[in-house]
Amino acid sequence: MGASIARDKHWKPIIEKFQAKLSRWKASTLSFGGRLTLCKAVLSSLGSYYFSIYKAPVKAIKMLERIRMRFFWGGCLESRKMAWIAWGRTLAAKDRGGLGIGSLKAQNLALLGKWWWRFKTQPDSIWATVIKSIHGPDGGFSRPTIAKRRSNCWGSIVCLPISLGKDQVPFLNYFQQVSNGDDSLKWIWSLDSSGVYFVSSLRSHIDNLVLQHRNDTWLWNPLVLGKLNILAWCVRHGKLPCMENLFNLSISSTNLCKMCNAALETKDHIFVEGRYQKKFGHKCAVGGK
């Protein structure tokens with residue numbers, strides 16, 4: 001209480017919580033499917049309490065995303081492994097060429113957005129009355145800079161449209177008033193068909209606008225193991241630790257297939273063109289392993 005949450009040092013507890021969780025898991029013993037599940041279900045939820053009240057500084061978000069990225073690609077904070085695909089593209093929705101993890105920045109801003117919805121739809125609640133007594137009848141929404149000087153916590157919430165505006169997200173346009181059928185008006189949230197604000201609706205909208213993505217026909221198959229879906233995803237992007245890619249990155253001195261030692265080891269050679277695939281119907285192992 002009383003600390004300036006905009007300073008990076010005050011986010012140290014949540015960063016340490018991420019690191020503590022990471023140290024309990026052996027990333028090398030988990031498949032990509034297992035790491036993906038933990039990134040989405042556990043690591044993404046650890047900061048929910050902080051994210052629902054405070055706007056995280058950019059440096060803290062980058063640090064937390066770095067922890068998730070290193071864990072997903074099989075490393076840790078001490079030993080790094082190569083990230084074959086940009087993390088921003090990995091975070092994107094599955095129908096946009098990503099794995100649907102979602103960014104922490106979008107989660108943070110979407111959680112703050114729920115206070116706007118609650119203030120508009122619950123104007124007579126006790127907490128809203130307290131806010132009005134401090135910041136005025138409109139909660140300080142018309143004077144965001146003054147509200148931020150009075151309270152860093154509520155000020156960050158009031159300044160949310162400014163933060164989202166930097167990413168070309170017109171937050172205020174999604175709040176609309178319609179007739180309630182009895183000469184009264186009610187607020188609706190236009191990003192959801194139900195008209196009710198959901199954190200997931202704004203989070204996915206922000207990610208769709210901000211994250212790297214590609215128009216892709218590849219779709220996640222729920223009937224196939226997660227690790228096989230991720231393998232297909234890497235193949236689709238042409239990002240495999242095959243000899244061709246390792247040679248281009250100056251990691252290997254040769255780009256020949258270690259199984260046949262006669263052709264370039266490309267993704268097509270591994271899965272389609274290799275003589276062992278044609279003769280025996282099986283695949284050369286990536287990297288000769």
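The values are calculated or read from the model by the stated rules, or taken from the named source; none is laboratory data. Computed from a predicted structure; not experimentally measured. Please note: Cβ atoms are built from the backbone with ideal geometry, for glycine as well, and neighbour counts cover all protein chains shown.
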TODO: Please work out which one of (1) exposed (fewer than 15 other Cβ atoms within 10 Å of the Cβ); (2) over 20 Å from Gly102 (Cα atoms) is the condition Ser156 fails and give its number.
DONE: (1)
Open item on the list: Anything in segment 215-243 that is at pLDDT below 75 and either surrounded by 15 or more Cβ atoms within 10 Å (Cβ to Cβ) or in a helix (DSSP H, G or I) (or both)? List them, or say none.
Closed with: Asp216, Trp218
Open item on the list: Return the residues of segment 141-170 that are assigned to a helix (DSSP H, G or I), over 15 Å from Arg118 (Cβ atoms) and within 24 Å of the chain's Cα centre (by Cα); say none if nothing qualifies.
Closed with: Ser156, Pro161, Ile162, Ser163, Leu164, Gly165
- [ ] Mind counting the residues in segment 31-90 that are over 22 Å from Val224 (Cα atoms), among the aromatic types (Phe, Trp, Tyr) and crowded, with 16+ Cβ neighbours inside 10 Å?
- [x] 5
Open item on the list: Checking Val169 against (1) in contact with a Phe, Trp or Tyr (Cβ under 9 Å, 6 or more places away or on another chain); (2) β-branched (Val, Ile, Thr); (3) surrounded by 13 or more Cβ atoms within 10 Å (Cβ to Cβ): exactly one of these is not met. Which one?
Closed with: (1)
TODO: Spot the failing condition for Asp138; the list is (1) without any contact (Cβ under 8 Å) to a residue 24 or more places away in the chain; (2) in a helix (DSSP H, G or I); (3) among the charged types (D, E, K, R), and only one is missed.
DONE: (2)
TODO: For Ser194, work out the one condition from (1) outside any helix (DSSP H, G or I); (2) in contact with a Phe, Trp or Tyr (Cβ under 6 Å, 6 or more places away or on another chain) it doesn't fulfil.
DONE: (2)
TODO: Please find, within segment 177-210, the residue that is surrounded by the fewest Cβ atoms within 10 Å (Cβ to Cβ) out of those that are of a type in the set (Gly, Ala, Ser) and within 19 Å of the chain's Cα centre (by Cα).
DONE: Ser200
